[in-house]
Amino acid sequence: MADLSARLGPVVLSTPLVAAAGTVGSVVDFVGVTDFSFYGAAVAKSVSGEPWAGRPAPRVGPAGVGMLNGIGIQNPGIDAWLAKVVPELDPVPTQVWGSAVGNEPDEFARVAAGYAAAGIPAVEVNLSCPNLDGHMFALSPQLASKVISAVRAAVDVPIGAKLSPNSEDIVAVAAACAEAGADWVVLTNTAWGAGIDVRTRRPTLSGVIGGYSGIPIKPLALRCVIEVHRAIPELPILGCGGISTGEDVIEYFLAGASAAGIGTIHFAEPRAAKRIMKELQSMMRKLGVTRLTDLTGAMQT
Ligand SMILES: Cc1cc2nc3c(=O)[nH]c(=O)nc-3n(C[C@H](O)[C@H](O)[C@H](O)COP(=O)(O)O)c2cc1C
């Protein structure tokens, strides 16, 4: 039997799969829809300090075999989120992580502190939402570092920094986050994208430009994993972007990932994780690999 356990820095995962933020709601919303026992962890949709209304409709749309979204992180704010979600976490058969977002470093820190005080075991810091007006923290090593430093000072729980494939220098941003205290980086969030209906001449998204995700972004995110792993091999990476098969998981590990985020595939196949785990086991058998962690960064060049 192959060993499929995984580790992201200080966090031990029972499986290498992590349900990606925003694709399984608050996680508790998806119990019964998605079988969370196939995940090492599940990340809830990002939450800010105060309630955010998000963008007007249309907020999602197809884009070939990929998907566009421009939700703008509609959420009730951390206090309301904790009051509603935390009492319902018990039946979820995996660890549930929070995702923090904000307009400034202090807001991220306040959200992360709320999660930690409520017993949430780890926090992703969403530096890379493509749907916020104003700056994207993940584009700048300095801004990313300020946010991660503020979160690190506010909580002791493990934190992951979620970065963007649109960064000009993903290695510099990842290094800044690691130095500021991130335990791992998530590579990556969605890529900026857009679509237009030629009949109505209207954009797919009300915000015109939003986040592009799904199978077509795999090479973009994989490139980021390869670059960061080559430059900073000791920094754990949660690879995310377009994963839809067990073979994709292995590809991300070979590139340098230590765990694999499952996102957009949930919309077409909410129970995809069970199939992906089966495919992963079968592919490992075919390849003669007994321990998944042996594959991290094992790409041969
Ligand atoms: C509808 C939708 C909502 C998302 N919301 C969030 C979010 O709230 N926070 C976050 O960090 N990422 C969010 N993401 C990004 C995903 O977690 C993931 O990083 C990205 O979609 C790439 O992976 P995929 O191609 O497997 O979907 C969202 C993605 C989609 C499609």
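With a cut-off of at least 1 residues that are away from the ligand (no atom under 14 Å from the Cβ), name the strands (runs of 3 or more DSSP E) lying wholly within segment 1-55. Spell out the reasoning first.
Details: elements: 6-8, 11-13, 17-19, 41-43.
Correct list: 6-8, 11-13.
Are there any pairs with C-beta distances below 6 angstrom linking a residue in segment 109-137 that is farther than 17 Å from D183 by Cβ and without any contact (Cβ under 8 Å) to a residue 60 or more places away in the chain to a residue that is aliphatic (A, V, I, L, M) and surrounded by fewer than 24 Cβ atoms within 10 Å (Cβ to Cβ), with the two at least 6 apart or on different chains, and if so which?
Final answer for the pair search is G114/L82; A118/L82; A118/V86; F137/L143.
Return the residues of segment 81-113 that are farther than 29 Å from I265 by Cβ, within 16 Å of the ligand (Cβ to nearest atom) and either at pLDDT 95 or above or touching a strand residue (DSSP E or B) at 6+ places or on another chain (Cβ under 6 Å) (or both); say none if nothing qualifies.
Of all residues in segment 81-113, those farther than 29 Å from I265 by Cβ come to 83, 87, 103-107, 109-110, 113.
If we keep only those that are within 16 Å of the ligand (Cβ to nearest atom) as well, we get 103, 107.
Result: E107, single match.
Scan L187, L254 and give me the residue that is touching a residue at least 40 places away in the same chain (Cβ under 8 Å) and either surrounded by fewer than 20 Cβ atoms within 10 Å (Cβ to Cβ) or more than 10 Å from the ligand (Cβ to nearest atom) (or both). Break it down into steps so the answer makes sense when it comes.
On the way: L187 fails: either surrounded by fewer than 20 Cβ atoms within 10 Å (Cβ to Cβ) or more than 10 Å from the ligand (Cβ to nearest atom) (or both).
Selected residue: L254, the only one of L187, L254 that is touching a residue at least 40 places away in the same chain (Cβ under 8 Å) and either surrounded by fewer than 20 Cβ atoms within 10 Å (Cβ to Cβ) or more than 10 Å from the ligand (Cβ to nearest atom) (or both).
Which residue, of G210, G241, G263, is surrounded by 24 or more Cβ atoms within 10 Å (Cβ to Cβ), of a type in the set (G, A, S) and within 20 Å of A298 (Cβ to Cβ)? It would help to see each step written out before you state the result.
On the way: G210 fails: within 20 Å of A298 (Cβ to Cβ); G263 fails: within 20 Å of A298 (Cβ to Cβ).
Result of the check over G210, G241, G263: G241.
Collect the residues in segment 209-236 that are aliphatic (A, V, I, L, M) and touching a residue at least 60 places away in the same chain (Cβ under 8 Å), keeping them in residue-number order.
Within segment 209-236, I209, I215, I217, I226, A231, I232, L235 qualify.
Within segment 190-207, work out how many residues are under 15 Å from the mean Cα position of the chain (by Cα) and either buried (at least 21 other Cβ atoms within 10 Å of the Cβ) or charged (D, E, K, R) (or both).
Qualifying residue count for the region: 1.
The values are calculated or read from the model by the stated rules, or taken from the named source; none is laboratory data. These numbers come from a predicted model, not from an experiment. Ideal geometry is used to build each Cβ from the backbone, glycine not excepted, and the neighbour counts take in all protein chains shown.
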